Every structure is written in structure tokens, then in C-alpha cells.
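Visitor: This structure is in C-alpha cells; I'll ask about it shortly.
The values are calculated or read from the model by the stated rules, or taken from the named source; none is laboratory data. Keep in mind that what you see is a predicted model, and the values were worked out from it rather than measured. Note that each Cβ is placed from the backbone with ideal geometry, even for glycine, and that neighbours are counted across all protein chains shown.
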Amino acid sequence: MPIIIIISLIPVVIWSFMLPIGARFSDLNSITTSLGQIFGLVGMSMFSINLILAGRFKFLDKYFKGLDKVYANHSRLGSIAFSLILFHPLLLVVKYLAISTKEAAMFFVPFVNMPVTWGIISLVLMILLMSLTLYIKLKYNVWKISHKFMVVAFIFGIFHTLMISSDVSRNDFLRYYILILAVLGLIISIRKAFFDKYLVKKLKYKVKNVTQLNESILEIEMEPLQDKMIFTPGQFAFFSFIGEGISSESHPFSISSSNIDNNLKITVKNLGDYTSQLKNLKLGDGVIVDGPYGHFSYKNIPNKNQIWIAGGIGITPFISMSSNLEESYSVDLFYSVKEKSEAVYLNNMQSVMQKNNNFKLNLWLTSTNGYLNSGVVATLAKDLNNKDILLCGPAMFMESLKNQFVSMGVDVKKIHYENFNF
Amino acid sequence: MKKLSTISLFIFGVVVIAILVAGLVFYQNGKNGQITDSSKTGNLVQGTLSKIAAAGSLTLDMPEISKHNKQSDCWLLISGKVYDITSFFGSHPGGSKVMAETCGTDATDAYMTKDPNATSATSGSGHSSRAKSMLANYYLGDFNQKIGGQSNKATPTTQVTNQTNTDSNSSTTTPVVTTSPTSTSLTLSVQEVAKHNKQSDCWFIISDKVYNITNFFGSHPGGNSVMAATCGTDATVAYMTKDPNATSSTSRQAHSSRATSMLSSYYVGDLNQVVGSSTTKTSSNIVTTSNSRNTRYEDD
């Protein structure tokens, strides 16, 4: 995203005007030192921006066209910042290597020089937390808590940036730029980590009804206590249930009810620790709803000829979308499930079909027909040309179908999906 | 993106471990070699000193320093000491350009802040103690010291005399050892300094120089008690860090160059130097001589 790149590179622009460029890049020592400084400055700026991206803001959801894309950018930017920050000391140590390996080694030893020590502490913490994120499969809620400690690494990093004798300490503009960006990132992450419950405006609901749709799928219906959420069919929200035997952390779910209903419905498949707790829900339990988020909706696509493809529980946004689908839309819905018993909401779909001649349901049973593939979709939908494709289902399912469509010559811009892996 | 992080992390790990192992485990041999090496050459500016000695004598004053203003012949003044760093170009971690800008000038502020355009108001932490010990190899002599003549370095007596002779025009109070012709002499040893360990009679050592700061109490911007804590001791680190309990690993901002020039007024002699003195006590006599700079304390 260009705005991220611009914000990250402004410090380099300021830096480049502080001394003649010739002096910055005159010999090996000065070149490596200069690059090391650039890497540090850009890395820390990106780190600050990343804290802002993690703030789950509605304006970011709109700007990036979906919260999943905000998080995808967060993870990409995090990796780039991490790599830059790793190379920052490696480039700076070159000049000490030119003196002796002893001098170079002392550069990495903590408590020789305090500003350097802040940097070392920050880096060690960052390496630990990034290793947890990248290489160790932690449970989502454990990982989420561990990842919050990135802010601690960030604080040490900012101490290091502002206290060490460098261009940052020598140029007021650079110092305040870095400081403002850092403070912004810090305020946002602290607000999110500690004051989320109090400062972010959230809607209050209570559990009205819990229906077991089949042995593993629950439908939870909620009634607003005050204002109801205004959303576009296909969007999702973060739900946190307050009830006995259910952890109160918030989790994202697609909304399966129609946007004109007063009550809000989500449809949850028992897939893990948290979703299995939801069967403990009782009528009247409180629900805090943060949303809506997401850009996945038939309404955001100008082309009214669409193919919707749902894999299993991925049907939920399509239930909401189809419930009051305008007649001007022509939609082929492919619903892929293992067996017919898994296909929830078939009745709803059929009633939509009766009302709307332009809506067609194709139920695909993988136990008898094998995996759904692009060829089947192309045949049954008659024509892929001039149609936009919306995918929702397990990540592998979406990835595989997307690749198949692209290899059949479908423009990748006409394939829409949302990644729920955050 | 995971690949990028993994590759960076791998390179980082390999390089850091390699440097730490090479620098901390295997360096011992090389270090021994270096010690014998430097014990042979002693001071890296021996050549310059011999040249000066051959040509007669020389006063290390500002006009003289400013003659050596290019990279191929570079002298500079740092905290009242003159250095010939010509042979250090190429080894400076901060690059040669920034250093070249300070040739022939008072580089105290630049050295303290690592910024060649620094003024005394510029903030920034200075060079490390390691850098300081490297710098010592390029030491020519003290500012306004006369070198050459009979020996390469001025004898302490000439230095003190010199100071009294050249600086007796203006009227700031400066304590200087009275170099009286009496035969009684005193060695400025650590033991001797340790005797003067109270506020009413306070000596200390900073960078191998002995100062009698008894008369400076009341004028220290940082207060009396911190300074009193260092009486009779080697206060180098305390002075460098502004922390009386500092160890050599503590890192903080040093005193300003103005503070350093104030300090020079209380100079008694170098550590282990033998100074002439009529009685032990007169070494703290005050004579009226100059101090070229204003002593403004408000902005240390």
C-alpha cells in the first residue's frame, strides 16, 4: 500500500538531507553505516505503522477493502520491518569489524552502552515473539496474548531509537517524526490491549435463541438491547459472549441473518476449543458485538451476474446475502458439503429460489461426486464470462478453486474472497 | 513473507554467533599480540614528537593546531589535549569525512556529540570509553603545553610554569600549584590524593590528572554532595557519567567542554608526577591567573 511506503520512507528523506550524500556513501564503513541507519529508521517506522494497523479500525477496514486485507498487510509489513531491524545491527557492526573482531563482538554485548542495550533487549524480545508467530503453532488465544508483548519490544526499540547518539538525536524534525509515529502506535495498541472494553463503541445484544441445526452446527440468534447493528449482507463482526463456561475473548463470525431483520444471527460450526464452548450458551446471556467489518458482499461488486461458491460452513454470508436478494441480480450458488445432512439452510435457499427466478442453487455432495472443481462450475453455470465469482469456505478450498479459475482464464480481479485466518 | 523473515533470522543468527565467538573466544591470541605490539611503539605519534624534538620546541596553542588542518596532517584539540590523528584516518568507525572536518580545530564538542557541526548546545552521547582509549594513542600534549626541546613531552614542571607565565594577564581566580624553588617535593600518587578526601580539602583524579577542587565547592552546577563523594578518589568515571557511583560500564552524557575547561583551572599535576612544593599544604594555594573562558555555570 503506497501510503505505508510513503510514511515509512519519510525519515530516509529527512535523513538524506542532513549530510551530503557523498559523505554518507564514501567508503565501505560509511556505506554500511548509512544503510544500517536507514534500515533502523524504516524498520521502526514500519513497526509503528504496524501497531496502528493492528488497531482494528473501521476506517482501515474501508480503506483496505476488508479487515482481512488490513491483517494481511500487517503480517507482511511486520515481516519486512523485522528483517530490516535484524539487518540494522549487522550493517552497523561492519565498521567495528574493520577495527577488530573483539570490537565487533563487544557491539553485541549488552550493558556496555545503555542505548545500545535497549536495542539489544528489544531485538531479543522481537526474535522470540516472531519465532512464536512463525514457527510454533500456538493456540489462537495463547498466541494472541503472546503477540501483545510486541508492544514491549517496541517500547525498548523506541528508547533505543531516541536515546542513541545518531541522526535522530541530532535532527529535531526526525526526532519528532519518529516520536509522534511511535506515540500514535503506542496509544492505539495500549488502548486495544487494556481499554478496548471501555473506549471502543460496541453494541450490546442478548442471546434470544440457540438452535442446533445439525450435530456440529449451532445457530445463535441475538436480540439488540439498544441500537441494532447496521451492516451489508456478507459482512462479519467480532462477538464476545458473557456467560458461564465461555471465555470472554472476542471472535469473528459472519452474520447469517438478513440486514433487514431486527435480530442478529450467526451460524457456528464446532471446530475448536472456543466454538465447542458455545453450546454452554444460555438464553439471556449478554453479547458484545464489535462490527460490522469486511468488504465481502455481492453489493460491493458492480457486476450483477455472479457465481457464489460455499464450502461447508462458508455458506453463512451467502444466507445473509440471499435472504433479500434483489431480482436484478442473477446468481448461481454452489453449495459444497460432504453429505446432505451437513447442508444446513437448504429450506431457506429453496424458498429464495421460489421467489427469485434468477437465483439457482446447486448442491454438491463431495462424498458422491468428489471435490467441486472449476470445470463443474463452468458447465453448470453455463458460462464463466462476464461473471464475478465469490468464494467462502476453508482456506484450502478457496485457494484451490481460485487457482483453477485463474488457469481457466478468469481474471483474478473477478474472484472475490475473504481470508478469516486472523 | 515467512521466507523473508526466516532467511533474515538465519543470516542474523549466523553472523552474530560468528562475531561473538571470534571476538570473545578466539580473540585472546590476537590480543596478546597487540599488547606486545603497542608496547614496542608505545605512542602512535612518536614520529611526530620526534620531528618536533628535532626541530626544536613548539607550543601546542591554537595557531599551531590550526596549521594542521588537513587529512594528511591533522591535529585537533579535545578537552584541553592535543592529538595528532593523521594516522587514524581509515580506522575511524564513523568514517574519515566527519573527522576530517574537525582537523585543526577544537573538536571537543564534535567528539562529545559525534557531530562535526556540533555546538556546545547540541545534545548526544559521546564516544565510548573504548574510543577514548584508542584516542590516547594519538596524544601529543596538553593545550598550550610546550613540547620538544630536551624531551619529547614537556616535563610537568615546565608545564606548570608555562601556565603561570603565559596566563598572568587576566583576573579570574585559579588555583595553581606554586612552583616554589624549595627542595620539598611531592609525588601526586593515588595514596597522596586519597589523603585529600574531604570537602574542605578535596583532590581527585580525572583521566590521570590530579585536581584540587576544594575552592570549586559552591560553584558546581550539579551540587556539592555528588562532588564531595568523589574526594580523594579516581573520579574519572564519575566525571564522565555525572554519577558518583558509576562504574566503567555506566553510560551517560559526559560533562560539557565548558565544564572541562573550568576543571583545567584546578589542575595540580599529572598522576605520579613530582611537583615542587614548599609544604604539602601550599599545593592548594591560590594565585591569580587567567582563565580565558567565562565561568558561566547556569548551562553546564
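Visitor: Counting only residues that are at the interface with chain A (Cβ under 10 Å from one of its Cβ atoms) and part of a loop (DSSP other than H, G, I, E, B), how many does region B:78-117 have? Lay out the reasoning, then the answer.
Guide: Residues of region B:78-117 that are at the interface with chain A (Cβ under 10 Å from one of its Cβ atoms), as a first pass: B:90-98, B:100-101, B:112-117.
From what is left, the residues that are part of a loop (DSSP other than H, G, I, E, B) are B:90-95, B:101, B:114-117.
The total comes to 11.
Visitor: So which of A:137, A:206 is over 16 Å from residue A:56 (Cβ atoms) and over 23 Å from the mean Cα position of the chain (by Cα)?
Guide: Working: A:137 fails: over 23 Å from the mean Cα position of the chain (by Cα).
Answer to the check: A:206.
Visitor: Taking the condition more than 14 Å from every other protein chain (Cβ to nearest Cβ) and modelled with pLDDT under 80, does residue B:295 pass?
Guide: Spelling it out, residue B:295 is indeed more than 14 Å from every other protein chain (Cβ to nearest Cβ) and modelled with pLDDT under 80.
Visitor: Let me ask something additional. Could you list, ordered by first residue, the pairs with Cβ atoms under 9 Å in which the first is in region A:154-167 and within 14 Å of chain B (Cβ to nearest Cβ) and the second is in a helix (DSSP H, G or I) and polar (S, T, N, Q), at least 6 apart or interchain?
Guide: Every condition considered, the pairs that remain are A:159/A:122; A:160/A:117; A:160/A:122; A:162/A:169; A:163/A:169; A:165/B:113; A:166/A:37; A:167/A:37.
Visitor: May I pose another question? Please go through (1) within 26 Å of the chain's Cα centre (by Cα); (2) more than 14 Å from chain B (Cβ to nearest Cβ) for residue A:150 and return the number of the only condition it doesn't satisfy.
Guide: (2)
Visitor: Still on this model: If you go through region A:20-55 one residue at a time, how many are within 20 Å of residue A:164 (Cα to Cα), free of Cβ contacts under 8 Å to residues at least 40 places away in the same chain and hydrophobic (A, V, I, L, M, F, W, C)?
Guide: 2
Visitor: Collect the residues in region A:134-147 that are within 11 Å of another protein chain (Cβ to nearest Cβ) and modelled with pLDDT under 90, keeping them in residue-number order.
Guide: Within region A:134-147, just A:134 meets the criteria.
Visitor: Next question, about the same structure. So which of A:22, A:40 is within 27 Å of residue A:99 (Cβ to Cβ) and surrounded by 22 or more Cβ atoms within 10 Å (Cβ to Cβ)?
Guide: From the options A:22, A:40, the qualifying one is A:40.
Visitor: Go through region A:332-370 residue by residue and tally those that are assigned to a strand (DSSP E or B) and either under 22 Å from residue A:266 (Cβ atoms) or in contact (Cβ under 8 Å) with a residue 60 or more places away in the chain (or both).
Guide: Residues that pass the stated criteria total 5.
Visitor: Moving on to the next point. For residues in region A:56-86 being among the polar types (S, T, N, Q) and within 13 Å of the chain's Cα centre (by Cα), which is nearest to the other protein chains (Cβ to nearest Cβ)? Before you say what the answer is, go through the steps one by one.
Guide: Just the residues of region A:56-86 that are among the polar types (S, T, N, Q), to begin with: A:73, A:75, A:79, A:83.
Then keep just the ones that are within 13 Å of the chain's Cα centre (by Cα); that gives A:73, A:75.
Numbers: A:73: 11, A:75: 7 Å.
By that ranking, first place goes to A:75.
Visitor: Let me ask something else about it. Starting from residues that are surrounded by fewer than 18 Cβ atoms within 10 Å (Cβ to Cβ) and under 20 Å from the mean Cα position of the chain (by Cα), keep the ones in region A:111-133 and report whichever is farthest from the other protein chains (Cβ to nearest Cβ).
Guide: Restricting to residues being surrounded by fewer than 18 Cβ atoms within 10 Å (Cβ to Cβ) and under 20 Å from the mean Cα position of the chain (by Cα), the top hit is A:132.
Visitor: I need the full set of residues from region B:190-238 which are touching a Leu at 6+ places or on another chain (Cβ under 8 Å), under 22 Å from residue B:257 (Cα atoms) and outside any loop (DSSP other than H, G, I, E, B), in order please.
Guide: Those that are touching a Leu at 6+ places or on another chain (Cβ under 8 Å), under 22 Å from residue B:257 (Cα atoms) and outside any loop (DSSP other than H, G, I, E, B): B:205, B:206, B:209, B:210, B:211.
Here's the yes/no breakdown for (1) closer than 14 Å to residue A:181 by Cβ; (2) out of contact with any Lys or Arg (no Cβ under 6 Å at 6 or more places or on another chain); (3) away from every other protein chain (no Cβ under 14 Å):
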residue: A:14; (1), (2), (3): yes, yes, yes
residue: A:18; (1), (2), (3): no, yes, no
residue: A:46; (1), (2), (3): yes, yes, no
residue: A:54; (1), (2), (3): no, yes, yes
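Visitor: Quick one: count up the residues across region A:87-110 that are closer than 22 Å to residue A:25 by Cβ, at the interface with chain B (Cβ under 7 Å from one of its Cβ atoms) and modelled with pLDDT of 90 or more.
Guide: Qualifying residue count for the region: 3.
Visitor: Moving on to the next point. How about region A:300-331: which of its residues are assigned to a helix (DSSP H, G or I) and either more than 15 Å from residue A:392 (Cβ to Cβ) or aliphatic (A, V, I, L, M) (or both)?
Guide: Answer for region A:300-331, where residues must be assigned to a helix (DSSP H, G or I) and either more than 15 Å from residue A:392 (Cβ to Cβ) or aliphatic (A, V, I, L, M) (or both): A:313, A:315, A:319, A:321, A:323.
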